[in-house]
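Q: Input: one structure, supplied below.
Values in this text are rule-based calculations from the coordinates and carry no lab data. Since we're looking at a predicted model, the values are computed, not measured. In this analysis, Cβ positions are derived from the backbone assuming ideal geometry, glycine residues included, and neighbour counts consider all displayed protein chains.
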């Protein structure tokens, strides 16, 4: 078998897709980023943890999140990253 053979275009595409998917799945969710829109979620609890500076209670402790909204959070981000206020308010209406 010739080990120096060139990869076909299809083999290259499959390798790239597999590599991208593997790298994407391997990254843990960032708890400061909304898992739905990718913007900062301004979670006071995360700010406090990151800075060590005590914060007032986060807006999310007084918010209600529907199960339908929570079901849209990717599995890897569930219980690991907060939904931002903008995405939460969009879900209301």
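Q: At what distance in nm do the modelled label points of residue 37 and residue 79 sit from each other, each positioned 7 Å from its Cα along Cα→Cβ?
A: In this crude spin-label approximation the distance works out to 2.7 nm.
Q: Also, quick follow-up: Sort 62, 78 by Cβ crowding within 10 Å, fewest neighbours at the top. Can you show the working numbers first?
A: Details: 62 7, 78 12.
The fewest-first ordering by Cβ neighbours comes to 62, 78.
Q: Let me ask something else about it. Could you work out the equivalent-ellipsoid semi-axes for segment 30-92, taking the square root of 5 times each eigenvalue of the Cα gyration tensor, largest first, in whole Å?
A: On the way: eigenvalues 78, 35, 18 Å².
Semi-axes from the Cα gyration tensor: 20, 13, 9 Å.
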